[in-house]
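The values are calculated or read from the model by the stated rules, or taken from the named source; none is laboratory data. Note that the structure is a prediction, hence the values are computed from the model and not measured. Counting neighbours? That spans all protein chains shown, and the Cβs are built from the backbone with ideal geometry, glycine included.
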Amino acid sequence: MSNISIPLPLRLLLFVVLLAGCTLLGWFAFQFAAGDSVMTFVQRNPNLAPEAQLAGADAAVAYAPRDPLLHLRRGGVYLNAANEDLSEERLATALNELRTATRLSPEDYRNWLALGRALDRSGENQDARAALERAVRLAPQHFEPHWALGNHLLRVGERDASFAQMRLALRTRPSALPLVLDYAWNVYQGDGRAIAAALDPPAELQMPLVVQLIVRGRVEDGIAVWRAVKQPSSADAQKVAEALFFAGRYAQAYDVWNAAALPDRPTPDAGSLLSNGGFERKLALNDATPFLTWRVTPMTGVRITLDRQTPHSGEQTLRASFDLGGNTPFNIATQTVRVNPSTNYVLSFAVRSEELQSLSTPLVEVYDAAFEIAGGNRVRAAIPQLPVGTQAWTEHKLAFTTNSATEAVTVRVRRPPCSEPPCPISGRIWLDEFRLVSGTGVSAR
């Protein structure tokens, strides 16, 4: 094997060429790095004076005039300045910079997206549409191009084409449903069924759309969309029922909740409309189940537990202990049940107390929350606030009549606020044997 000998002059020439190439590459790298550093400083310091921002953007591009990203960013700086002072000259500079960016890097959708938005801002609708459509073709799986094109088409009056793009945008970013819904809400003036038809959401967005319509007060439209959902899951049914529940539409909430194949659905106790009225089963803190479940939300200064010591009946009872220094109202436990309108009912329960001290002690009440939400008259019955001191087990009964619009009632143990704070509370109470029956004494399930 023979060695090839390179003459010294040739070796020197190769070394000089290599050194020159490395120097040139290093110079270009320095230019790009310097330009990027200056532009980053400008964009990360929004409190700079407008003239300083523009001067910094100019300097950044001067370092690396062949960098498309710097032209894109300089165009953004000039466009922001034009939006602030309505300067047509700065808008023209922004457009020139963005066009330069698309020329230097025609396959980067971000350049066409920014150019399309700037052209839209300047009123050049035809060119704006062409640029935004180019961005969509380059990045069909990205949210922003579809969203920008949809907004542009909506502004120029092409509603159907606009929502075709918004549907595609939703499929790339389902979390944007509230944003897209805001636009649709304005365009279709809150017509939930028209909105659902325009958005034609994929299966995973149908339930969130139903909930949004219910939350925004379009309950019947939301129910219509819900009924069109094919094979809804039990989790979907739970969320829709909760939305209806908190909207005060208890009958519809119960129907959705009761029809769903929910595991471990609570059922009423024998001879009562309430579930777990004797607190013999475990309680789940912050439980979101809308019906037939005690909702218990602990708070500082209030301790709620199940107690096996001296229950009124059964093996355990609900105990609430208080050591609260301020005038704070709170609920100890609440449960909502479906009832019939214009019907007599009786709530019975037992309560005892120990060393209870306060100017405002707990009470037990039944009320129609739907009327509370609507701000109108409501069914309400309550025992007087518990006496201070220590009291043995005492049985109570509350009789009430639902009105013609009542769909559900809530049984609530609560401590109301004092009229004159401060108002601490201390001591303990026990609750047991809650039963709710119709006036005839027969449970209606």
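What the table shows:
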{"read-out": "Residue in the stretch 201-209 that is more than 20 Å from ALA253 (Cβ to Cβ), surrounded by 15 or more Cβ atoms within 10 Å (Cβ to Cβ) and of a type outside the set (Ser, Thr, Tyr) present", "value": "yes"}
{"read-out": "Residue check for ALA253: within 29 Å of PHE349 (Cβ to Cβ), of a type in the set (Gly, Ala, Ser) and free of Cβ contacts under 8 Å to residues at least 24 places away in the same chain", "value": "no"}
{"read-out": "Top-ranked residue in the stretch 230-281 [being closer than 30 Å to GLU395 by Cβ and within 25 Å of the chain's Cα centre (by Cα); ranked as surrounded by the fewest Cβ atoms within 10 Å (Cβ to Cβ)]", "value": "TYR254"}
{"read-out": "Residues of the stretch 102-159 satisfying the condition of being in a helix (DSSP H, G or I) and among the β-branched types (Val, Ile, Thr)", "value": "THR102, VAL136"}
{"read-out": "Strands (runs of 3 or more DSSP E) fully within the stretch 304-408 counting 1 or more residues that are on the phi > 0 side of the Ramachandran plot", "value": "344-357, 389-401"}
{"read-out": "Meets criteria (over 30 Å from ARG129 (Cβ atoms), under 18 Å from the mean Cα position of the chain (by Cα) and assigned to a loop (DSSP other than H, G, I, E, B)) for GLY217", "value": "yes"}
{"read-out": "Failed item, numbered, when ASN327 is tested on (1) over 34 Å from the mean Cα position of the chain (by Cα); (2) farther than 30 Å from THR406 by Cα", "value": "(1)"}
{"read-out": "Hits in the stretch 276-303 - residues which are outside any loop (DSSP other than H, G, I, E, B), in contact (Cβ under 8 Å) with a residue 24 or more places away in the chain and among the basic types (Lys, Arg)", "value": "ARG295"}
{"read-out": "Residue within the stretch 234-245 that is assigned to a loop (DSSP other than H, G, I, E, B) and at negative phi present", "value": "no"}
{"read-out": "Single unsatisfied condition, VAL42 versus (1) at pLDDT 75 or above; (2) assigned to a helix (DSSP H, G or I)", "value": "(1)"}
{"read-out": "Yes/no for THR336 being of a type in the set (Val, Ile, Thr) and crowded, with 19+ Cβ neighbours inside 10 Å", "value": "yes"}
{"read-out": "Test: ILE383 is without any contact (Cβ under 8 Å) to a residue 40 or more places away in the chain and among the hydrophobic types (A, V, I, L, M, F, W, C)", "value": "yes"}
{"read-out": "Residue that is outside the structural domain of ILE429 (by TED's automatic domain parsing) and not basic (Lys, Arg), where the choices are PHE279, PHE330, PHE322", "value": "PHE279"}
{"read-out": "Filtered residue count, the stretch 397-422, keeping only those that are closer than 30 Å to GLY325 by Cβ, exposed (fewer than 13 other Cβ atoms within 10 Å of the Cβ) and touching a Leu at 6+ places or on another chain (Cβ under 8 Å)", "value": "1"}
{"read-out": "Filter result (exposed (fewer than 15 other Cβ atoms within 10 Å of the Cβ) and not basic (Lys, Arg)) within the stretch 306-325", "value": "GLN309, THR310, SER313, GLY314, GLU315, ASP323, GLY325"}
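Each row is one residue, and each column tells you yes or no for (1) among the aliphatic types (A, V, I, L, M); (2) part of a helix (DSSP H, G or I).
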position	(1), (2)
ARG167	no, yes
ALA176	yes, yes
ASN186	no, yes
ARG193	no, yes
ALA197	yes, yes
GLN206	no, yes
LYS230	no, no
